[in-house]
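A single structure is presented below for examination.
The values are calculated or read from the model by the stated rules, or taken from the named source; none is laboratory data. Since the model is a prediction, treat every value here as computed from it, not as a measurement. Note: ideal-geometry Cβ built from the backbone for every residue, glycine included; neighbour counts use all protein chains shown. All accessible areas refer to the heavy atoms of the entire protein, side chains included, with ligands and DNA or RNA removed. Shrake-Rupley method; radii C 1.70, N 1.55, O 1.52, S 1.80 Å.
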Amino acid sequence: MQLGDARSGKLAANIAAFGRALRRAGVPVDSSRIALAGQAASLVGVGRKADLAAALEATLVGREQDRAVFAELFEAFFRDPDVAAKLLAQMLPRSPGTAEPPRRPRVREALSPPRPSSGAGRPRKDQDVELDAAMTASEQDRLRHADFNALGAAEYRLVERLAREIALAIPEVRTRRTRTGGRGRRPHWARTLSEAGRSGGELVRLLQRRRRTAPLPLLVLVDVSGSMERYARLLLAFLHAATRGLRRDVFAFGTHLSDLGPAFRLADTDHMLAAAGAAIDDYGGGTRLGESLAALRLRHRRRLVGGRTLVLLISDGLDTGEPEALARELDWLRLHSRRLLWLNPLLRFDGYQPLARGAAVLHRKAHGMLAVHNLARLEDLAGAIAGVMKT
């Protein structure tokens, strides 16, 4: 592989341009990381492409979910012998008669030419995402129905902010606690006699006991496997904002179960996402839902509030475990909860059939299903929960 001419000082410029492209793709890269990447590239040299890729990945990538984006963008940047000038422009020209390979939306956006600024001479803030009040109705509608997995980096950040504004109404149930009221099934003699004592012993009114109501407790299980990479973060941000103030227990599962309760107790959604990312050590891996539910049953069964808990299971059902074990754990979960709602991004496809083994088991055991792949579907979630409660 030829990467410019290091002796003429082009290597540092190429590394800096590659770091800026990663930042445009949504990978958090600052100047210190770019400087460290330049030192690492000088040490390993450019003789072997694999060594250079490993050195740059070790210095520029700090999150598991960004490794696939790095690998694809590295191949796009460093496959051309005369790449120095193209790196500085942050794009590769298309060769006549050759088709470009399919790329992730974040990589596509990073390789595209920078959009011209609307005001001359004004610095553009790449990291700030603001919703323009002048956004057309068609643009708003497009973002409402855009698949989360098809969004570019800037669009993804904007949609994530919009998702935090969606309300989620949780059905209420009667609790064991009571309160005093004018209507009820049983007289509240203590309060009635106490009030009569303040009026000279005269019974002015007969107070009644009424049972209090409270929203259903929530148990949220979020799949953080590789196929759910872009959905998981956005749905966690949505649920953190939409269920604030409710009783909720949140777990992530991939190859094993991770408790996100401490992260969800943080008030700020951005801080929650950072804490959740630190708590999840199997992000972007496989899915073993049966084993994760077994860990929930053995270590966290007290989180389930009898038969009142509403379970939201967010997964595409591409489980790699044994379907018999998954069926047993789902039977136990149904027995100790009120309803189980399966939120599946793959339901967006017309004619979807749960052919995978894990998806087939979830299809049989869940009380209801809903696609959660765009903002419009998140807005429909409250209605889906109400429908499931009636079944």
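If packing is taken as the average count of other Cβ atoms within 10 Å, what order do 357-367, 292-302 fall into, highest mean first? Don't skip to the end; give the middle numbers.
Working: 357-367: 19.0, 292-302: 15.8.
The packing order, highest mean first, is 357-367, 292-302.
Continuing with the same structure: Could you rank His188, His271 by how accessible they are, 1.4 Å probe, largest area first? Walk me through the intermediate numbers first.
Values: His188 25, His271 115 Å².
Output order, biggest surface exposure first: His271, His188.
Now for a separate question. Alpha carbon centre of the range 321-391 versus the range 211-236: separation in Å?
12 Å
How much accessible surface does Met369 have with a 1.4 Å probe, in Å² rounded to 10?
For Met369, the solvent-accessible surface is approximately 80 Å².
Name the residue farthest towards the positive end of the dipole of the range 310-362 from the options Pro323, Tyr352, Trp342, assuming +1 on Cβ of Lys and Arg, -1 on Cβ of Asp and Glu, about the Cα centre.
The listed residue farthest towards the positive side: Trp342.
If you don't mind, there's one more thing I want to ask. Quick one: Karplus J couplings for the range 311-323, per residue in order, coefficients 6.51, -1.76, 1.60, θ = phi - 60°, nearest Hz, x for Gly and Pro?
9, 10, 9, 9, 6, 8, x, 7, 8, 9, x, 7, x
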